[in-house]
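The structure appears below as structure tokens.
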Amino acid sequence: MTGRKVIMNFEVTPTSHTLESYLARGGYKTLEKVLKELKPEDVTNEIVACGVQGRGGAAFPAGRKWQVVNPHDGQPHFLIANADEGEPGTFKDRWVLEHTPHTLLESMLIAAYALAARNTFVYIRGEFDQPYRRLAAAVEEAYAAGFFGENILGSGFSCDVYVFRGAGAYVCGEASSLLASIEGTRGYPRNRPPRLTVKGLYQYPTVVNNVETLSNLAWVMAHGAEEYRKIGTKTSPGTRLISISGHVRRPGVYEVEMGYSWAKFLHEDCGGILYERGLKAVIPGGISSQILTARDAKVLTAYDVESLTLDHDALWNVGSSLGSGGMIVIAEGTCMVSLLRVMLRFYHHESCGQCTPCREGMGWAHRILDRICAGQGRPEDIDRLVHISKFNDGTTICGLGDAAGYATVAIIDHFRDEFEYFIENKRSKYDGRLECLPGGAHG
Amino acid sequence: MRHLIPEFEKLKERLPKGLDSTLVLPCLRRIQEDRGYIADEDIDGLVEYLDVPRIQIEEVLTFYSMLRRKPIGRFHLQVCHNVSCTMRGAERMIDSLSRRLGVQPGQTTPDGRFTLSRVECLGSCGTAPVVMVNERYHELQSEESLEQLVAELERS
């Protein structure tokens, strides 16, 4: 067991995603209480007090984002649930959408009330099929039951929700790009300031929160910030939905209490590494988070990755992050040059093209990796990759290029010998594959 | 697209009033669902209906990878080739589909039945490898299950 639960605290059955089941679990009671007993600022104060941090990757305190919005300024405000889950390795918001969409909707209504948002959106990635169908059905159920629309539960508060489907752009998970997409244009990120909470969708104050972040809120308002603070660690309150994949025996989505032991999580809860292999490395929070090796002597104090705990501070202290919660487990014998090639192909494909260093840099780095993998690498290529990565840092509007650079540098730092080997011998130090097969060393 | 306008009007009910540019993506998606791709006349119709600049629609169409200007095969097989799927055999899946269908990724079979594509992360890493057939995800695929899937699609 991975500690206390806030979101995955019910048994999944073929009907547990329906309104009927959600109501039987006490669903929408909290909304009623909030609308009848609390003022918008009471809700915001509670969310500030509970200390929940953004679960999309940046871990920015949700309450502090909300505090920028004045619910009484007379302007229209918007609330967006970011369900554009596209960070490779991440599939945890999908779990919420498929299995308990009403938790998200109830939490969104509470948030919309606090922010005085008449219109809300769920921006869901374009490819999702089952999560979209479940969410869309839940929205219809909620409208029919009077939880959305005019004068909700007789409170005078009115709110609409629109499920907005993306159309295949990773960058639209970035909040300003997401808003551009809703406005019907290319999903180009834009510079801040002004912050989106000041000038967001159609230039009105807008809060964009991740699906998982929002899905904590119904629980927080039901049990209180103080109870929420008792879960997790002092600096990382609550739980994290971790989606684990790669060379692991039981991949899937797990709700893990912050501060939980990594070794226990990997070896007991997730069943350990495929085919009893040794652990080579872990990408802790989506491919844009820096890779950690099983035994790492690169940081100031040597540590064993398995001695870490799963919370923000523990990961920040070793130069990485819990990011989007998309954990990828890599077994001994995996070719890290091939891994970086797949990653850079992705960033090259997804760079929106707006900023020159990212548009050109991602393609350049990708071509270098293609060349190395074709046996035509040159010794200077390794330093060139590091140079491109570092040149990108801080010179672009959004973090796509920066993150790609950090991830690249981390892999090269830890596995430079594999790159040197590949360039010198024109072949991988291993079998060049990422797939882990039963039997001998990788196939 | 004109026959879809009543549907588009209905979408407006839950959207903020007077901000019709919001409908660009939903309309394009719906048109593509209906026709299989976005034709020139759809763009003309949308420019008129939403009162947005033509260049805005053109820009959107060249930006989002799911929107297309040309018809493709009846069954679109999209194989994820990102990190987690590759770690679970995506490259083998692509090779075997490519051999089975006799086309390279990015191509359509001569009978217009299948289009094979490589795509980036579909958010199905825990049930990798994943292949999307039109709108549906097919998870935890193997060469055997794909052979079965293709055979079923051929019969349908």
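The values are calculated or read from the model by the stated rules, or taken from the named source; none is laboratory data. Source: prediction; values computed, not measured. Here the Cβ is made from the backbone with ideal geometry for all residues, glycine too, and neighbour counts use every protein chain on show.
Tell me yes or no: at least one residue of segment A:206-215 is within 19 Å of A:A111 (Cβ to Cβ), of a type in the set (G, A, S), touching a helix residue (DSSP H, G or I) at 6+ places or on another chain (Cβ under 6 Å) and more than 14 Å from chain B (Cβ to nearest Cβ). Can you show your working first?
At the first step, the residues of segment A:206-215 found to be within 19 Å of A:A111 (Cβ to Cβ) are A:206-215.
Going one step further and asking which of them are of a type in the set (G, A, S), we end up with A:215.
Within this subset, residues satisfying the condition of being touching a helix residue (DSSP H, G or I) at 6+ places or on another chain (Cβ under 6 Å) are A:215.
From what's left, more than 14 Å from chain B (Cβ to nearest Cβ): A:215.
Yes: one or more hits.
Identify, please: which residue in segment A:64-119 is of a type in the set (G, A, S) and farther than 30 Å from B:R88 by Cα and is, among those, surrounded by the fewest Cβ atoms within 10 Å (Cβ to Cβ)? Please lay out each step first, then the result.
Pass one, segment A:64-119, residues of a type in the set (G, A, S): A:74, A:81, A:83, A:86, A:89, A:107, A:111-112, A:114, A:116-117.
Right, trim to farther than 30 Å from B:R88 by Cα and you get A:74, A:81, A:107, A:111-112, A:114, A:116-117.
Numbers: A:G74: 7, A:A81: 31, A:S107: 25, A:A111: 26, A:A112: 25, A:A114: 27, A:A116: 20, A:A117: 25.
Of everything passing the filter in segment A:64-119, A:G74 is surrounded by the fewest Cβ atoms within 10 Å (Cβ to Cβ).
Of A:G63, A:G56, A:G86, which residue is in a loop (DSSP other than H, G, I, E, B), of a type outside the set (K, R) and out of contact with any strand residue (DSSP E or B) (no Cβ under 6 Å at 6 or more places or on another chain)? Even if it seems obvious, please write down each step before you answer.
Working: A:G63 fails: in a loop (DSSP other than H, G, I, E, B); A:G56 fails: out of contact with any strand residue (DSSP E or B) (no Cβ under 6 Å at 6 or more places or on another chain).
When all the criteria are applied, what remains is A:G86.
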Practice prompt. Kindly indicate whether any position in segment A:156-163 is in a loop (DSSP other than H, G, I, E, B), crowded, with 23+ Cβ neighbours inside 10 Å, within 13 Å of chain B (Cβ to nearest Cβ) and modelled with pLDDT of 95 or more.
Written response: no
Worksheet entry | Hey, A:V12 outside the structural domain of A:F148 (by TED's automatic domain parsing) and assigned to a loop (DSSP other than H, G, I, E, B) or not | yes
Worksheet entry | Pairs with Cβ under 7 Å, 6+ apart, first in segment A:195-223 and without any contact (Cβ under 8 Å) to a residue 40 or more places away in the chain and assigned by TED's automatic domain parsing to the domain that holds A:L109, second part of a helix (DSSP H, G or I) and among the hydrophobic types (A, V, I, L, M, F, W, C) | A:L196/A:A175; A:L196/A:L179
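From the list A:S324, A:S288, A:S245, A:S261, pick out the single residue that is under 17 Å from A:I411 (Cα atoms) and among the hydroxyl-bearing types (S, T, Y). Steps first, answer last, please.
On the way: A:S324 fails: under 17 Å from A:I411 (Cα atoms); A:S245 fails: under 17 Å from A:I411 (Cα atoms); A:S261 fails: under 17 Å from A:I411 (Cα atoms).
One residue alone meets the criteria, A:S288.
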Worksheet item: Which one is farthest from the other protein chains (Cβ to nearest Cβ), of the residues in segment A:234-253 that are within 15 Å of A:T309 (Cα to Cα) and outside any loop (DSSP other than H, G, I, E, B)?
Response: A:P237
Item to complete: Would you please list the contacts, defined by Cβ atoms under 6 Å and residues six or more apart or on different chains, that run from a residue in segment A:70-98 that is assigned by TED's automatic domain parsing to the domain that holds A:G200 and on the phi > 0 side of the Ramachandran plot to a residue that is part of a loop (DSSP other than H, G, I, E, B) and buried (at least 24 other Cβ atoms within 10 Å of the Cβ)?
Response: A:G89/A:G286; A:G89/A:I287
Discussion item. Please count how many residues of segment A:134-155 are surrounded by fewer than 20 Cβ atoms within 10 Å (Cβ to Cβ), in contact with an Asp or Glu (Cβ under 8 Å, 6 or more places away or on another chain) and either facing chain B (nearest Cβ under 10 Å) or farther than 22 Å from A:S107 by Cβ (or both).
Written reply: 1
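Given the options A:L201, A:L178, name the one that is buried (at least 24 other Cβ atoms within 10 Å of the Cβ), within 14 Å of another protein chain (Cβ to nearest Cβ) and touching a Cys at 6+ places or on another chain (Cβ under 7 Å). Break it down into steps so the answer makes sense when it comes.
Working: A:L201 fails: touching a Cys at 6+ places or on another chain (Cβ under 7 Å).
Exactly one residue qualifies, and that residue is A:L178.
Name the one entry in A:L310, A:L274 that is within 14 Å of another protein chain (Cβ to nearest Cβ) and in contact (Cβ under 8 Å) with a residue 12 or more places away in the chain. Steps first, answer last, please.
On the way: A:L310 fails: within 14 Å of another protein chain (Cβ to nearest Cβ).
Criteria check complete, one pass: A:L274.
Suppose we filter segment A:149-192 for residues that are more than 30 Å from A:Q354 (Cα to Cα) and either in contact (Cβ under 8 Å) with a residue 40 or more places away in the chain or outside the structural domain of A:G86 (by TED's automatic domain parsing) (or both); how many remain?
Filtering segment A:149-192 for residues more than 30 Å from A:Q354 (Cα to Cα) gives A:149-161.
Those still in the list that are either in contact (Cβ under 8 Å) with a residue 40 or more places away in the chain or outside the structural domain of A:G86 (by TED's automatic domain parsing) (or both) too: A:152-153, A:155, A:157-161.
Residues in segment A:149-192 being more than 30 Å from A:Q354 (Cα to Cα) and either in contact (Cβ under 8 Å) with a residue 40 or more places away in the chain or outside the structural domain of A:G86 (by TED's automatic domain parsing) (or both): 8 in total.
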Discussion item. Filter segment A:101-133 down to the residues that are out of contact with any Asp or Glu (no Cβ under 6 Å at 6 or more places or on another chain), at the interface with chain B (Cβ under 10 Å from one of its Cβ atoms) and of a type in the set (D, E, K, R) and list them by number.
Written reply: A:R118, A:E127, A:R133
